[in-house]
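Participant: The structure that follows is given in the form of structure tokens.
No value in this document is a laboratory result; all are computed from the given coordinates. Just so you know, these numbers come straight off a predicted model, no measurement behind them. Because the Cβ atoms are built from the backbone with ideal geometry, glycine has one as well, and the counts that use them run over all protein chains shown.
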């Protein structure tokens, strides 16, 4: 049985089975060959029936001991380590602060059910042409230093002070993305990307972002900070920005038709060639009387063009 237990420990270390699964398998091993092990390796003393002691729960002791030793030996657990995952479908890992899902290449695959908490991390992974869904980060966990290309990310939740940083996203789409509980996204680039059902709430923040060729629908940003961000060639339809602050933000060649700007601090943003059709604006003196000077200059420019 020693050989089987070592194999289970190795599988656990490589992330193929969880601690609980390992314990259950060890229990199953121990319950089967118990008598054989006793006969081969242990010389049992002869005792009178009246002196017999109750059987020790051998399987529980063994399982708990192995689990403890494995945790002590592994320390910071790494799921992966330069693995290449192709044409696969699997459920992702779940783990706390001792867990690190890193250095993996995920190609043309489906990954679901990732749940990280208490400071666990999803870092330095490369995702291409894949479907990632039911991805939950909470309690200070992080999604960092990753690249995502031509992939779909669905049912993504960052909460309780979690963060996404140093991530590049090219092509693909977001659906049902939620950032809440003081979480943040920073140093992230979105290029040629579409998003819907996107919400940022409850004191969360967006900063140092670059969005180019992005289309977003049905989104809300409420009670948040949006700073140091560039929107270039972005289409934002049916978007609500409320009770928030925008600082050092730039909008250029964007379509903001149907967007709501309500109770915002818009004192530090720049706007160039932006479509505000059917837009509701309420904040900073109705956004400086809806950029009256801009509207005036635009009208004069059109008149000069006609004359030429």
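Participant: Between region 245-276 and region 85-160, what is the C-alpha centre distance in whole Å?
Facilitator: About 32 Å separates the Cα centre of region 245-276 from the one of region 85-160.
Participant: Next question, about the same structure. Subtracting the Cα-Cα distance from 0.36 nm times the residue separation, let me have the gained length for residue 84 to residue 129 in nm, one decimal. Provide the component values of the computation, followed by the final result.
Facilitator: Values: separation 45, 0.36 × 45 = 16.20 nm, distance 1.35 nm.
That works out to 14.8 nm of additional length.
Participant: Take residue 96 and residue 168, extend 7 Å from each Cα along the Cα→Cβ direction, and tell me the distance between the two endpoints in nm.
Facilitator: 3.6 nm
Participant: Roughly speaking, what is the stretch gain from residue 110 to residue 250, that is 0.36 nm per residue apart minus the C-alpha to C-alpha distance, in nm to one decimal? Don't jump to the answer; show the numbers that get you there.
Facilitator: Values: separation 140, 0.36 × 140 = 50.40 nm, distance 3.57 nm.
Length gained between residue 110 and residue 250: 46.8 nm.
Participant: Between residue 187 and residue 139, what FRET efficiency comes out of the Förster formula 1/(1 + (r/R0)^6) with R0 = 25 Å and r the beta carbon distance, rounded to 0.05?
Facilitator: 0.70
Participant: Also: Sort 202-215, 88-101, 114-127 by packing, meaning the average of other beta carbons within 10 Å per residue, with the highest value first. List each step's numbers first, then the result.
Facilitator: Numbers: 202-215: 18.6, 88-101: 16.7, 114-127: 20.5.
Listed from highest to lowest mean packing, they are 114-127, 202-215, 88-101.
Participant: Taking Cα pairs under 8 Å and at least six residues apart, what relative contact order does region 79-307 come out at, in percent? All intermediate terms of the calculation are to be shown ahead of the outcome.
Facilitator: Values: 725 pairs, mean separation 20.9, N = 229.
Once divided by the residue count of region 79-307, the mean separation gives 9 percent.
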